[in-house]
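Everything below concerns the one structure shown next.
The values are calculated or read from the model by the stated rules, or taken from the named source; none is laboratory data. Since the structure is predicted, the reported quantities are computational estimates derived from the model, not experimental observations. Cβ placement follows ideal geometry from the backbone for every residue including glycine, while neighbour counts extend to all protein chains displayed.
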Amino acid sequence: MATVVIDSGSGNLRSVHRALEAAGCVPECTADPDVVRRADRIVVPGQGAFGDCVHNLENHGMREAIIEAANSGTPYLGICLGLQILFASSEESEGQGLGLLDGDVQRFAPDVGKVPHMGWNSVTWENSESRDPILEGIPQETYFYFTHSYHVEPTDSNVIALRCHYGHDFVAAIRSENLFACQFHPEKSQGAGIALLANFLKA
């Protein structure tokens, strides 16, 4: 099955590609909307600014292709900015996100400590009674690698899959039907990250 990594011009594609290979597949990196529409799974990584990311997607016709794929039920894995662009807008910069989830993207308040939040931090399940298959084999309080200054605030708390604490609790991952997206970087999170990617490939 074809797993496609979206080239938005703002992600470390090589690290994501290597991590997916370690998880059991040979992904295709692309900025071609037609390839996205045909994909069996899409992975949307991203580093940098929200506005630059969505601007690059728009310029290559990728924004609508990703929306179409997501709305058709194609499994979507968002990483860092790939989580944030699921929302329509961000405090970080102008630009129209995908708007697939209601809510917004906010900067960490100054009182949380050093911003950006960078390094290893543990996550907690939002609902331990209904574990997501993508979290299979990932224990409570597993550590993942983060690097971000902004965090998502979904309108619907039911989409929250994982939380993390940095000054205050924030959303570390969401799940909404075929969409799973995380603020941390599984490709930088060693064994736990590879396990999560392998679970996504089984979805």
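Looking across Ala65, Ala69, one residue alone is touching a Pro at 6+ places or on another chain (Cβ under 7 Å), of a type outside the set (D, E, K, R) and assigned to a helix (DSSP H, G or I). It is Ala65.
Checked against the criterion of being more than 15 Å from Leu86 (Cβ to Cβ), surrounded by 21 or more Cβ atoms within 10 Å (Cβ to Cβ), among the β-branched types (Val, Ile, Thr) and in contact with a Cys (Cβ under 7 Å, 6 or more places away or on another chain), the stretch 125-140 has no qualifying residue.
Select from the stretch 64-84 the residues that are in contact (Cβ under 8 Å) with a residue 60 or more places away in the chain and more than 20 Å from His17 (Cβ to Cβ) and list them in ascending order. Correct list: Ala70, Gly73, Gln84. If you scan the stretch 153-179, which residues turn out to be surrounded by fewer than 18 Cβ atoms within 10 Å (Cβ to Cβ) and within 19 Å of Thr74 (Cβ to Cβ)? Scanning the stretch 153-179 gives Glu177, Asn178.
On the basis of being in a loop (DSSP other than H, G, I, E, B) and hydrophobic (A, V, I, L, M, F, W, C), does Val26 make the cut? In short, yes. Using the structure shown, decide if Tyr150 is more than 14 Å from the chain's Cα centre (by Cα) and either without any contact (Cβ under 8 Å) to a residue 40 or more places away in the chain or surrounded by 14 or more Cβ atoms within 10 Å (Cβ to Cβ) (or both). It is false that Tyr150 is more than 14 Å from the chain's Cα centre (by Cα) and either without any contact (Cβ under 8 Å) to a residue 40 or more places away in the chain or surrounded by 14 or more Cβ atoms within 10 Å (Cβ to Cβ) (or both). Just one of the listed residues (Val123, Val54) is β-branched (Val, Ile, Thr), closer than 25 Å to Glu187 by Cα and part of a strand (DSSP E or B), and it is Val123. The one condition from (1) in a loop (DSSP other than H, G, I, E, B); (2) within 17 Å of Val54 (Cα to Cα); (3) of a type outside the set (Phe, Trp, Tyr); (4) over 12 Å from the mean Cα position of the chain (by Cα) that Asp104 does not meet is (1). Each residue in the stretch 171-201 was checked for being among the polar types (S, T, N, Q) and either under 20 Å from Glu153 (Cβ atoms) or assigned to a loop (DSSP other than H, G, I, E, B) (or both), and 4 pass.
Examine the stretch 30-38 for a residue that is modelled with pLDDT of 95 or more, part of a strand (DSSP E or B) and in contact with a His (Cβ under 9 Å, 6 or more places away or on another chain), and state whether such a residue exists. No, the conditions are met nowhere in the stretch 30-38. The residue that is surrounded by the fewest Cβ atoms within 10 Å (Cβ to Cβ), among those in the stretch 39-65 that are out of contact with any helix residue (DSSP H, G or I) (no Cβ under 6 Å at 6 or more places or on another chain) and within 24 Å of Pro133 (Cα to Cα), is Asp40.
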